[in-house]
Amino acid sequence: MTTMLYDTTLRDGTQGEGVNLSVEDKLRIAQRLDAFGMHYIEGGWPGSNPKDAEFFARAKTLDFKHARLAAFGSTRKANTNVEQDPQIRALLDAGTPVVTLVAKTSPLHVTHVLETTLEENLKMIGDSVAFFKARGREVVHDAEHFFDGFKLDKDYALATLRAARDAGADWLVLCDTNGGSMPWEVEEITRFTIGELQRGERQVGSRASEVKFGIHTHNDAGVAVANALAAVRAGCVQVQGTINGIGERVGNCDLVTTLANLKLKMNDDCVSDEQLRGLTELARYVFEIANLTLDIRHPYVGQAAFAHKGGIHVAAILKVEESYQHVDPARVGNQKRVLVSELSGRGNIAYKAREFGLNPDGVEVKQVLQRIKEMENRGFFFEGADASVELMLRRAQPGYVKLFELLDYMVVVEHRDGRGVLAEATVKIKVDDEITHTAAEGDGPVNALDLATRKALLPHYPKLKKMRLVDYKVRIIDSDKATGATTRVTIDSTNGHRTWTTVGCSSNIVDASWQALADSMEYALLVA
């Protein structure tokens, strides 16, 4: 079985709150979707806005290797000649090999939203589909609100599909537009609908083997992926969705999770093994372009999708990986992670030691584990701070020599007339037997401390020039203590090739910042 993947990230996905793609963004994403192996890419609605019109104009120069590009629009307006409908002409001018037409299937929407008659709606469907088939287009008929319409008036909902089929539509896509149907309803209605239309075709000797069915679900009830899979079980051979499920209201069917389930759980050949290994990269790439943050708990591709924290879990996967993993993360391009926290067992630290190339069986591992538990009780949090964990393991090894040692520091923040708020830091740092005393001004206390420390260390360690801080987060641990609360600081740093995270914790924000900052610099000198 091979299910066709129809990606509508560039159209339906952009209707989600907080999602805004430029034309350049859409072109880049379209090319990446094609390279991944999507079968269809819906580029937008050319009759609705200038951005989508420009996208289709520029997309004509792209050389798609796998995907067929689709332009989306509605059927002709009521009581209008299809040849003269401006929206129909805009779809034609888009020049795509595929045209997707959305049409009403529920009497409620026909009479109260379109404000036309049920019979006119059927003519609108037939005329629009026939128009594009006569011009050589592959036509996808999106039956909007199909499941709600079916429940309201089954006979009319089926009549809208027959109108599209008889006019030559290649695909009949059943849409759960409001996202409120349940998987068992979707499977039952889909199976019945396919049976009815195919039975009718056989009776009249028409296109029984030609018309194919697809599914388009929304996630308002949290079951869009389940509904899509249920429809495939019932006979649909096309699934429409968006990357990571973005879309209107709470989102569309998540095509990332759906295709992984189709491939790994239903033995569907929707993608090859090689393409599947690029899934995590695709999911993260699209969100990077869209300036969105991927949920770390996103199935298959999230950072935490194969993360293990509990000591019992880690002890088990060290013996048999599949004991706490439903699939091998490498199959979807992700990787297993072992987290370190107060819930860790010795296996967590031993795994980390092995990962860092250190002795996992040494007594130091047990000592570090005990220290981590004590520090997390004081407010530290090591799950995302792998660099700080590695440094603790390294420092516990026999013969470890500190690369530098802070003897003392002072940070002053003051308001100076004519210059506004100014921060100045002085540090006294020991490297080998040499003590350096330096000072620097900065935009704030942490910036000043960072600059003063670099000033002291750069003559000894020039490689620090490549290191820079990329993120700085502050978390108040016990807010009930107000200004006396414990503060946790997390710093992300990079040298241009790799990124690492360190953590510090103290009742003094500057001290917490120094801990994270010092760890970050030491890590850069050791391994970065």
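The values are calculated or read from the model by the stated rules, or taken from the named source; none is laboratory data. Note that the coordinates shown come from a computational prediction; the quantities given were computed from them, not determined experimentally. Glycine gets a Cβ as well: all are built from the backbone with ideal geometry, and neighbour counts include every protein chain shown.
Go through the range 427-446 and give me each residue that's crowded, with 17+ Cβ neighbours inside 10 Å and touching a Phe, Trp or Tyr at 6+ places or on another chain (Cβ under 6 Å). Of everything in the range 427-446, those that are crowded, with 17+ Cβ neighbours inside 10 Å and touching a Phe, Trp or Tyr at 6+ places or on another chain (Cβ under 6 Å) turn out to be V427, I429. The set of residues in the range 269-282 that are touching a residue at least 12 places away in the same chain (Cβ under 8 Å) and either assigned to a helix (DSSP H, G or I) or crowded, with 20+ Cβ neighbours inside 10 Å (or both) comprises C270, V271, D273, Q275, L276, L279, T280, E281, L282.
Applying the set (1) in contact (Cβ under 8 Å) with a residue 12 or more places away in the chain; (2) part of a loop (DSSP other than H, G, I, E, B); (3) not acidic (D, E) to G136 leaves exactly one unmet item: (1). The numbered conditions (1) of a type in the set (A, V, I, L, M); (2) farther than 22 Å from P97 by Cα; (3) crowded, with 24+ Cβ neighbours inside 10 Å are all true for V129 except (2). The residues listed here are L10, L21; of these, the one that is in contact with a Lys or Arg (Cβ under 7 Å, 6 or more places away or on another chain) and assigned to a loop (DSSP other than H, G, I, E, B) is L10.
Of the residues making up the range 45-58, at least one is in contact with a Phe, Trp or Tyr (Cβ under 7 Å, 6 or more places away or on another chain), within 21 Å of W171 (Cβ to Cβ), surrounded by 20 or more Cβ atoms within 10 Å (Cβ to Cβ) and not charged (D, E, K, R).
Against the condition buried (at least 24 other Cβ atoms within 10 Å of the Cβ), free of Cβ contacts under 8 Å to residues at least 60 places away in the same chain, within 21 Å of K123 (Cα to Cα) and not acidic (D, E), how does A167 come out, does it pass? No; evaluated as a whole, the condition is false for this residue. For the range 98-126, a tally of residues being exposed (fewer than 14 other Cβ atoms within 10 Å of the Cβ) and in contact with a strand residue (DSSP E or B) (Cβ under 8 Å, 6 or more places away or on another chain) returns 1.
Which one of R137, R58, R68 is over 31 Å from the mean Cα position of the chain (by Cα), assigned by TED's automatic domain parsing to the domain that holds H218 and among the charged types (D, E, K, R)?
It is R137.
Screening A512 with (1) in contact with a Ser or Thr (Cβ under 6 Å, 6 or more places away or on another chain); (2) surrounded by 14 or more Cβ atoms within 10 Å (Cβ to Cβ); (3) of a type in the set (A, V, I, L, M, F, W, C); (4) not in a helix (DSSP H, G or I) gives one miss only, at (4).
Counting just the residues of the range 453-477 that are in a loop (DSSP other than H, G, I, E, B) and at pLDDT 85 or above, which one comes out surrounded by the fewest Cβ atoms within 10 Å (Cβ to Cβ)? Per the stated criteria, the residue is P459. Cβ-Cβ distances below 7 Å connect the following pairs, each with a first residue in the range 31-42 that is assigned by TED's automatic domain parsing to the domain that holds I243 and over 13 Å from L62 (Cα atoms), a second residue that is part of a strand (DSSP E or B) and of a type in the set (G, A, S), and a separation of six or more residues or different chains: Y40/A70; E42/A70.
The condition of being under 28 Å from the mean Cα position of the chain (by Cα), within 20 Å of I215 (Cβ to Cβ) and among the acidic types (D, E) holds for only one of D63, D7, that being D7. Answer yes or no as to whether V489 is crowded, with 23+ Cβ neighbours inside 10 Å, touching a strand residue (DSSP E or B) at 6+ places or on another chain (Cβ under 9 Å) and outside any loop (DSSP other than H, G, I, E, B). Taking the combined requirement at face value, the residue satisfies it.
Within the range 391-413, count every residue that is in contact with a strand residue (DSSP E or B) (Cβ under 6 Å, 6 or more places away or on another chain), of a type in the set (D, E, K, R) and more than 13 Å from A452 (Cβ to Cβ). Going through the range 391-413 one residue at a time, the tally reaches 1.
Report yes if L449 is part of a helix (DSSP H, G or I) and surrounded by fewer than 20 Cβ atoms within 10 Å (Cβ to Cβ), otherwise no. Walk me through it before giving the result.
Details: part of a helix (DSSP H, G or I): yes; surrounded by fewer than 20 Cβ atoms within 10 Å (Cβ to Cβ): no.
In short, no.
Being buried (at least 18 other Cβ atoms within 10 Å of the Cβ), touching a Gly at 6+ places or on another chain (Cβ under 8 Å) and either modelled with pLDDT under 85 or not hydroxyl-bearing (S, T, Y) (or both) holds for only one residue in V286, V314, and it is V314. With respect to the conditions (1) surrounded by fewer than 24 Cβ atoms within 10 Å (Cβ to Cβ); (2) in contact with a Gly (Cβ under 9 Å, 6 or more places away or on another chain), N261 lacks only one, and its number is (2).
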